[in-house]
1. Identify which of Ala289, Ala272, Ala22 has the largest mean-square fluctuation in a Gaussian network model of the chain, with springs joining Cα atoms closer than 10 Å.
2. Comparing Lys103, Lys284, Lys16, which has the greatest mean-square fluctuation in the GNM of the chain with Cα pairs linked when under 10 Å apart?
3. Straight-line reach from Lys172: which aspartates and glutamates fall under 18 Å, measuring Cα to Cα and dropping same-chain residues less than 8 apart?
4. Two-decimal Rg/Rh of segment 289-337 from alpha-carbon positions, Kirkwood Rh?
5. Of the peptides 327-336, 92-101, how do they stack up when ordered by the mean number of other Cβ atoms within 10 Å, highest first?
6. About its Cα centre, what dipole magnitude does segment 4-75 give when the only charges are +1 on Lys and Arg Cβ and -1 on Asp and Glu Cβ, stated in debye to the nearest 20?
7. Given just the C-alpha atoms of the chain, how large is their convex hull per residue in cubic angstrom?
8. Please state the relative contact order of the chain as a whole percent: Cα pairs under 8 Å, 6+ residues apart?
Amino acid sequence: MTEYTDYSLLPHNTFKMDVKAARFVEYASEEELTAFLSSGGLASPYLHIGGGSNLLFLSDYPGLVLHSAVKGVETVAETDGWIELRVGAGMVWDDFVDYVVGKGWYGAENLSLIPGEVGASAVQNIGAYGVEAKDLIVSVDAVEAATGRHRRFSNGECGYAYRDSIFKKELKGRYFVTHVTYRLSKLPVFHLDYGNVRAELEKEGKEPTLPDVRRIIISIRRSKLPDPEVTGNAGSFFMNPVVSESQFRILQAEYPDIPHYLAGEGKVKIPAGWLIERCGWKGKALGTAAVHDRQALVLVNRGGATGRDVLRLSEKVVCSVREKFGVEIFPEVNVIG
């Protein structure tokens, strides 16, 4: 376990906000975490972070920031048709996807190149191109902050919904994820009908392989999304809104070209990026905080923007969408401060 005071969080947030934590602790095992909690090391306020790819810091953090360095992949169950892997929460998510694709195991390839760590996949229920983490998760191992006791949550107990889980609501801040168990298929199962994935694969004129799908997903993401190593951002800043079918029909009557996806009985999901772009925000800036010029769902730090600059821009975007379409969009990013 390592501990620092007055620690820079610049390497730990992809928005590249130059803020500090009063105290920073990184643990390398569940045992280290349990010992730390048992010794009374946890003090309020505290915040547990992963790769920082879903955070917007408004200022220095006055308390304790915890980070997991728990790594490793362990096979826990296997049949001829599937395999279950228990993965350390501190493993980089795309490293895990690369690993399972290399092994020929199906299910995670559509989630390629999503920034962040394994633990966050279970908390945020990350998703892309028609696949969500909940589709793969069998269980989540976590340690209770107040007691240091271990608990295993089944998929059903995690309360998964679109970009949501029990760890973001009722249990927010009460448990620290240490491992996530996923089930991958050994048999070919592709999800190609979201976005332009199938169209890009068909250009190659052959039956797609698992590495082909990962490669195309990465190519599409890179063509649309800025590299956080170059331009500070947290990927999709807003969640795609889900509206009632009746509200959607009203919008469709006025905007016949509005893209949409079915989101369960009587519900329709609308791409937030389309709404934002139609409001004229694509490529627009307020100082050094801007809406990305290729993907309106992404807000960027062009250099020198503060968290409050980005927040101010996001609030103006939300108001524009509400006024034009009567639709409320909500941040996917966690605002800290």
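1. Largest GNM mean-square fluctuation: Ala22.
2. Fluctuation is largest for Lys103.
3. Straight-line reach from Lys172, under 18 Å: Glu117, Asp141, Glu144, Glu157, Asp164, Glu332.
4. Result for segment 289-337 is an Rg/Rh of 0.97.
5. 92-101, 327-336
6. 240 debye
7. Given the Cα convex hull of the chain, per-residue volume reads 138 Å³.
8. RCO, the chain: 17 percent.
The values are calculated or read from the model by the stated rules, or taken from the named source; none is laboratory data. Just so it is clear, the structure is predicted and the values come from calculations on it, not from any experiment. Note that we place each Cβ from the backbone using ideal geometry, even for glycine, and neighbour counts take in every protein chain shown. Heavy atoms of the whole protein, side chains included, go into the accessibility calculation; ligands, DNA and RNA do not. Shrake-Rupley method; radii C 1.70, N 1.55, O 1.52, S 1.80 Å.
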